[in-house]
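Below is one structure, written out as C-alpha coordinates; comments come after it.
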Amino acid sequence: MPAAVSRSASADSLPVLWIALPAALGALLAVGVMLAGLNEPWFLRWNHAAATLLPPFLWAGITNLGSTLGAFALITPALAWRPRWVAAALLAAPAATLFTHALKALFAEPRPPAVLPLDQFNVIGLALRTDSFPSGHTITAFVLAGVVAFCASRSERPWLGAAVLAAAALVAFSRIAVGAHWPVDIFAGAAGGWLSAAIGVRWSSSWRFWERRRGVQVMAVLMLIFPVLFAFEDLGYPEGLWMQYLLVAWGMAGAAHALLRQPGGRVPA
(Lines give C-alpha, C1' and ligand atoms only; values in the text may rest on other atoms or scores of the structure.)
Protein backbone atom coordinates (compact mmCIF):
# COMPACT_ATOMS: atom_id res chain seq x y z
CA MET A 1 0.00 0.00 0.00
CA PRO A 2 1.44 3.39 -0.90
CA ALA A 3 2.52 5.58 1.99
CA ALA A 4 0.03 8.33 1.11
CA VAL A 5 -2.89 5.87 1.11
CA SER A 6 -1.72 4.29 4.35
CA ARG A 7 -1.49 7.62 6.15
CA SER A 8 -4.88 8.76 4.87
CA ALA A 9 -6.56 5.53 5.90
CA SER A 10 -5.02 5.82 9.34
CA ALA A 11 -6.31 9.34 9.84
CA ASP A 12 -9.76 8.57 8.38
CA SER A 13 -10.23 5.57 10.68
CA LEU A 14 -9.23 7.43 13.82
CA PRO A 15 -10.76 5.82 16.93
CA VAL A 16 -13.55 7.85 18.51
CA LEU A 17 -11.77 7.68 21.87
CA TRP A 18 -8.84 9.65 20.41
CA ILE A 19 -11.28 12.47 19.75
CA ALA A 20 -13.59 12.14 22.73
CA LEU A 21 -11.23 11.51 25.66
CA PRO A 22 -8.94 14.57 25.40
CA ALA A 23 -11.92 16.84 24.67
CA ALA A 24 -13.88 15.39 27.60
CA LEU A 25 -10.87 15.76 29.90
CA GLY A 26 -10.52 19.44 29.01
CA ALA A 27 -14.22 20.07 29.54
CA LEU A 28 -14.28 18.20 32.87
CA LEU A 29 -11.26 20.11 34.12
CA ALA A 30 -12.92 23.41 33.20
CA VAL A 31 -16.11 22.48 35.04
CA GLY A 32 -14.21 21.05 38.00
CA VAL A 33 -12.06 24.14 38.44
CA MET A 34 -15.12 26.37 38.50
CA LEU A 35 -17.17 24.19 40.86
CA ALA A 36 -14.25 23.78 43.26
CA GLY A 37 -13.46 27.50 43.29
CA LEU A 38 -9.91 26.86 42.11
CA ASN A 39 -9.82 29.26 39.18
CA GLU A 40 -8.26 32.21 40.97
CA PRO A 41 -5.86 30.33 43.31
CA TRP A 42 -4.58 28.12 40.50
CA PHE A 43 -4.07 31.16 38.29
CA LEU A 44 -1.99 32.95 40.92
CA ARG A 45 0.03 29.84 41.75
CA TRP A 46 0.77 29.00 38.11
CA ASN A 47 1.45 32.59 37.16
CA HIS A 48 4.00 32.97 39.96
CA ALA A 49 5.59 29.60 39.12
CA ALA A 50 5.92 30.57 35.46
CA ALA A 51 7.91 33.67 36.44
CA THR A 52 10.53 31.45 38.06
CA LEU A 53 10.72 29.01 35.15
CA LEU A 54 11.35 31.23 32.13
CA PRO A 55 12.09 34.91 31.46
CA PRO A 56 9.35 37.15 30.02
CA PHE A 57 10.74 37.21 26.48
CA LEU A 58 10.45 33.42 26.24
CA TRP A 59 6.89 33.32 27.57
CA ALA A 60 5.94 36.10 25.15
CA GLY A 61 7.52 34.19 22.27
CA ILE A 62 5.77 30.96 23.23
CA THR A 63 2.38 32.67 23.55
CA ASN A 64 2.81 34.19 20.07
CA LEU A 65 2.86 30.65 18.69
CA GLY A 66 -0.83 30.47 19.56
CA SER A 67 -1.85 33.51 17.52
CA THR A 68 -3.91 32.48 14.50
CA LEU A 69 -1.59 33.77 11.79
CA GLY A 70 1.45 32.63 13.74
CA ALA A 71 0.10 29.09 13.97
CA PHE A 72 -0.60 29.01 10.24
CA ALA A 73 2.95 30.20 9.59
CA LEU A 74 4.26 27.48 11.88
CA ILE A 75 2.52 24.67 10.00
CA THR A 76 3.08 26.05 6.47
CA PRO A 77 6.33 24.12 5.73
CA ALA A 78 4.32 20.90 6.07
CA LEU A 79 2.92 21.69 2.59
CA ALA A 80 6.07 20.11 1.15
CA TRP A 81 5.57 16.72 2.83
CA ARG A 82 2.25 16.57 4.71
CA PRO A 83 -0.13 18.92 2.88
CA ARG A 84 -3.13 17.35 4.60
CA TRP A 85 -2.00 18.96 7.87
CA VAL A 86 -2.36 22.41 6.35
CA ALA A 87 -5.63 21.56 4.61
CA ALA A 88 -7.14 20.18 7.81
CA ALA A 89 -5.99 23.22 9.79
CA LEU A 90 -7.62 25.55 7.25
CA LEU A 91 -10.82 23.51 7.29
CA ALA A 92 -10.84 23.49 11.10
CA ALA A 93 -10.59 27.28 11.24
CA PRO A 94 -14.34 28.04 10.78
CA ALA A 95 -15.35 25.70 13.62
CA ALA A 96 -12.60 27.04 15.88
CA THR A 97 -13.52 30.65 15.09
CA LEU A 98 -17.20 30.02 15.77
CA PHE A 99 -16.43 28.26 19.06
CA THR A 100 -14.12 31.06 20.19
CA HIS A 101 -16.21 34.10 19.34
CA ALA A 102 -19.59 32.62 20.20
CA LEU A 103 -18.48 31.74 23.73
CA LYS A 104 -16.62 35.04 24.21
CA ALA A 105 -19.77 36.93 23.21
CA LEU A 106 -22.02 34.70 25.32
CA PHE A 107 -20.01 34.84 28.55
CA ALA A 108 -18.01 38.10 28.23
CA GLU A 109 -15.89 37.07 31.21
CA PRO A 110 -13.31 39.53 32.61
CA ARG A 111 -9.63 38.61 32.41
CA PRO A 112 -7.31 38.54 35.42
CA PRO A 113 -6.16 42.19 35.09
CA ALA A 114 -9.80 43.27 35.38
CA VAL A 115 -10.35 41.24 38.56
CA LEU A 116 -7.06 41.16 40.48
CA PRO A 117 -4.74 44.01 41.48
CA LEU A 118 -1.83 44.11 39.03
CA ASP A 119 0.69 43.96 41.88
CA GLN A 120 -0.54 40.45 42.80
CA PHE A 121 0.62 38.69 39.63
CA ASN A 122 2.89 39.04 36.62
CA VAL A 123 1.68 40.60 33.39
CA ILE A 124 3.75 40.32 30.23
CA GLY A 125 2.79 42.57 27.36
CA LEU A 126 -0.56 44.34 27.19
CA ALA A 127 -2.83 43.92 30.24
CA LEU A 128 -5.97 42.50 28.61
CA ARG A 129 -9.22 42.87 30.54
CA THR A 130 -12.19 41.58 28.54
CA ASP A 131 -13.46 38.45 26.74
CA SER A 132 -11.50 35.92 28.74
CA PHE A 133 -13.49 32.71 28.14
CA PRO A 134 -12.30 30.69 26.28
CA SER A 135 -8.63 31.16 25.38
CA GLY A 136 -8.32 31.68 21.63
CA HIS A 137 -4.58 31.01 21.68
CA THR A 138 -5.21 27.68 23.38
CA ILE A 139 -7.88 26.76 20.85
CA THR A 140 -5.46 27.51 18.01
CA ALA A 141 -2.65 25.51 19.62
CA PHE A 142 -4.88 22.47 20.12
CA VAL A 143 -6.24 22.73 16.59
CA LEU A 144 -2.69 22.28 15.28
CA ALA A 145 -1.93 19.55 17.81
CA GLY A 146 -5.11 17.69 16.93
CA VAL A 147 -4.54 17.96 13.20
CA VAL A 148 -1.03 16.54 13.48
CA ALA A 149 -2.08 13.76 15.87
CA PHE A 150 -5.18 12.76 13.88
CA CYS A 151 -3.34 12.74 10.53
CA ALA A 152 -0.40 10.74 11.84
CA SER A 153 0.04 7.11 10.93
CA ARG A 154 -0.64 4.48 13.58
CA SER A 155 3.08 4.01 14.19
CA GLU A 156 3.65 7.77 14.51
CA ARG A 157 0.61 8.59 16.61
CA PRO A 158 1.85 7.59 20.10
CA TRP A 159 5.05 9.65 20.07
CA LEU A 160 3.97 12.40 17.67
CA GLY A 161 0.65 12.84 19.46
CA ALA A 162 2.40 13.14 22.82
CA ALA A 163 4.88 15.68 21.42
CA VAL A 164 2.27 17.98 19.89
CA LEU A 165 0.02 17.74 22.94
CA ALA A 166 2.92 18.77 25.16
CA ALA A 167 3.70 21.70 22.84
CA ALA A 168 0.05 22.80 22.81
CA ALA A 169 -0.12 22.53 26.60
CA LEU A 170 2.95 24.77 26.86
CA VAL A 171 1.30 27.42 24.67
CA ALA A 172 -1.85 27.14 26.78
CA PHE A 173 0.16 27.53 29.99
CA SER A 174 1.84 30.60 28.52
CA ARG A 175 -1.54 32.35 28.55
CA ILE A 176 -1.48 32.12 32.34
CA ALA A 177 2.22 33.02 32.43
CA VAL A 178 1.57 36.30 30.60
CA GLY A 179 -1.42 37.06 32.84
CA ALA A 180 -4.04 36.92 30.08
CA HIS A 181 -6.25 33.95 31.00
CA TRP A 182 -7.68 31.87 33.83
CA PRO A 183 -7.20 28.08 34.06
CA VAL A 184 -10.84 27.50 33.06
CA ASP A 185 -10.19 29.43 29.84
CA ILE A 186 -7.35 27.20 28.75
CA PHE A 187 -9.10 23.93 29.69
CA ALA A 188 -12.18 24.90 27.70
CA GLY A 189 -9.98 26.14 24.86
CA ALA A 190 -8.13 22.83 24.72
CA ALA A 191 -11.40 20.93 24.41
CA GLY A 192 -12.74 23.26 21.71
CA GLY A 193 -9.52 23.25 19.73
CA TRP A 194 -9.28 19.45 19.80
CA LEU A 195 -12.86 19.01 18.58
CA SER A 196 -12.35 21.64 15.87
CA ALA A 197 -9.29 19.74 14.68
CA ALA A 198 -11.36 16.56 14.40
CA ILE A 199 -13.89 18.44 12.27
CA GLY A 200 -11.13 19.78 10.01
CA VAL A 201 -9.57 16.35 9.56
CA ARG A 202 -12.95 14.78 8.79
CA TRP A 203 -13.67 17.45 6.17
CA SER A 204 -10.24 16.92 4.66
CA SER A 205 -11.12 13.25 4.12
CA SER A 206 -14.12 14.29 2.04
CA TRP A 207 -12.64 17.31 0.27
CA ARG A 208 -9.29 16.00 -0.91
CA PHE A 209 -7.93 19.02 -2.80
CA TRP A 210 -4.70 18.62 -0.85
CA GLU A 211 -3.86 15.46 -2.84
CA ARG A 212 -3.42 17.46 -6.06
CA ARG A 213 -0.45 19.62 -6.87
CA ARG A 214 -2.75 22.44 -7.91
CA GLY A 215 -4.48 22.27 -4.55
CA VAL A 216 -1.16 22.49 -2.74
CA GLN A 217 -0.13 25.46 -4.86
CA VAL A 218 -3.37 27.31 -4.09
CA MET A 219 -2.81 26.66 -0.39
CA ALA A 220 0.78 27.85 -0.74
CA VAL A 221 -0.37 31.17 -2.22
CA LEU A 222 -2.79 31.60 0.66
CA MET A 223 -0.16 30.63 3.23
CA LEU A 224 2.26 33.11 1.63
CA ILE A 225 -0.23 35.91 2.31
CA PHE A 226 -0.66 34.99 5.97
CA PRO A 227 2.96 35.67 7.04
CA VAL A 228 2.91 39.01 5.25
CA LEU A 229 -0.18 40.00 7.24
CA PHE A 230 1.37 38.54 10.38
CA ALA A 231 4.45 40.71 10.00
CA PHE A 232 2.32 43.83 10.53
CA GLU A 233 0.02 42.45 13.24
CA ASP A 234 0.31 44.00 16.70
CA LEU A 235 0.10 41.03 19.05
CA GLY A 236 0.53 43.10 22.19
CA TYR A 237 3.74 41.32 23.23
CA PRO A 238 6.78 43.41 22.29
CA GLU A 239 8.98 40.99 24.24
CA GLY A 240 7.93 38.28 21.78
CA LEU A 241 8.65 40.13 18.54
CA TRP A 242 11.58 37.79 17.95
CA MET A 243 9.18 34.84 17.64
CA GLN A 244 6.80 36.80 15.46
CA TYR A 245 9.53 37.63 12.93
CA LEU A 246 10.91 34.09 13.10
CA LEU A 247 7.47 32.72 12.26
CA VAL A 248 7.11 35.19 9.39
CA ALA A 249 10.38 33.97 7.85
CA TRP A 250 9.50 30.32 8.55
CA GLY A 251 6.06 30.58 6.95
CA MET A 252 7.22 32.49 3.90
CA ALA A 253 10.04 30.02 3.28
CA GLY A 254 7.66 27.07 3.59
CA ALA A 255 5.11 28.58 1.24
CA ALA A 256 7.77 29.56 -1.31
CA HIS A 257 9.22 26.05 -1.25
CA ALA A 258 5.79 24.54 -1.94
CA LEU A 259 5.20 26.94 -4.82
CA LEU A 260 8.56 26.21 -6.44
CA ARG A 261 8.19 22.44 -6.39
CA GLN A 262 7.77 20.59 -9.68
CA PRO A 263 4.07 20.89 -10.73
CA GLY A 264 1.78 18.02 -11.73
CA GLY A 265 0.59 14.75 -10.25
CA ARG A 266 -0.36 13.74 -6.75
CA VAL A 267 1.38 14.64 -3.53
CA PRO A 268 2.00 12.75 -0.29
CA ALA A 269 -0.57 12.88 2.50
Report task. Could you please let me know if LEU229 is at pLDDT 95 or above, in a helix (DSSP H, G or I), loosely packed, with under 14 Cβ neighbours inside 10 Å and not hydroxyl-bearing (Ser, Thr, Tyr)? Result -> yes
Requested in this report: Return a yes/no flag: does segment 61-72 have any residue that is assigned to a helix (DSSP H, G or I) and surrounded by fewer than 14 Cβ atoms within 10 Å (Cβ to Cβ).
Outcome: no
Query raised in the report: Within segment 110-125, which residues are touching a Leu at 6+ places or on another chain (Cβ under 9 Å) and either buried (at least 16 other Cβ atoms within 10 Å of the Cβ) or of a type in the set (A, V, I, L, M, F, W, C) (or both)?
Result: ARG111, PRO112, PRO113, ALA114, LEU116, PHE121, GLY125
Query - segment 133-157 residues that are free of Cβ contacts under 8 Å to residues at least 60 places away in the same chain and over 17 Å from ALA172 (Cα atoms), paired with ones that are surrounded by fewer than 24 Cβ atoms within 10 Å (Cβ to Cβ) and among the small types (Gly, Ala, Ser) (beta carbon under 9 Å, 6 or more apart) - result: SER155/SER10; GLU156/SER10
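Condition check ((1) in contact (Cβ under 8 Å) with a residue 60 or more places away in the chain; (2) buried (at least 17 other Cβ atoms within 10 Å of the Cβ); (3) in contact with a strand residue (DSSP E or B) (Cβ under 7 Å, 6 or more places away or on another chain)) across all residues:
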| position | (1), (2), (3) |
| --- | --- |
| ARG175 | yes, yes, no |
| LEU195 | yes, yes, no |
| SER206 | no, no, no |
| TRP242 | yes, no, no |
| HIS257 | yes, no, no |
Report task. For ALA188, indicate whether it is buried (at least 19 other Cβ atoms within 10 Å of the Cβ) and closer than 15 Å to THR140 by Cα. Result -> yes
Query raised in the report: Somewhere in segment 232-250, is a residue within 19 Å of VAL148 (Cβ to Cβ) and out of contact with any Phe, Trp or Tyr (no Cβ under 6 Å at 6 or more places or on another chain)?
Result: yes
Query raised in the report: Of the residues that sit in segment 16-73 and are in contact (Cβ under 8 Å) with a residue 24 or more places away in the chain and among the β-branched types (Val, Ile, Thr), which one is farthest from TYR237 (Cα to Cα)?
Result: ILE19
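The values are calculated or read from the model by the stated rules, or taken from the named source; none is laboratory data. Predicted, not measured: the structure shown is a model, and the values here were computed from it. Don't worry about glycine lacking a Cβ; one is built from the backbone with ideal geometry, like all the others, and counts go over all protein chains shown.
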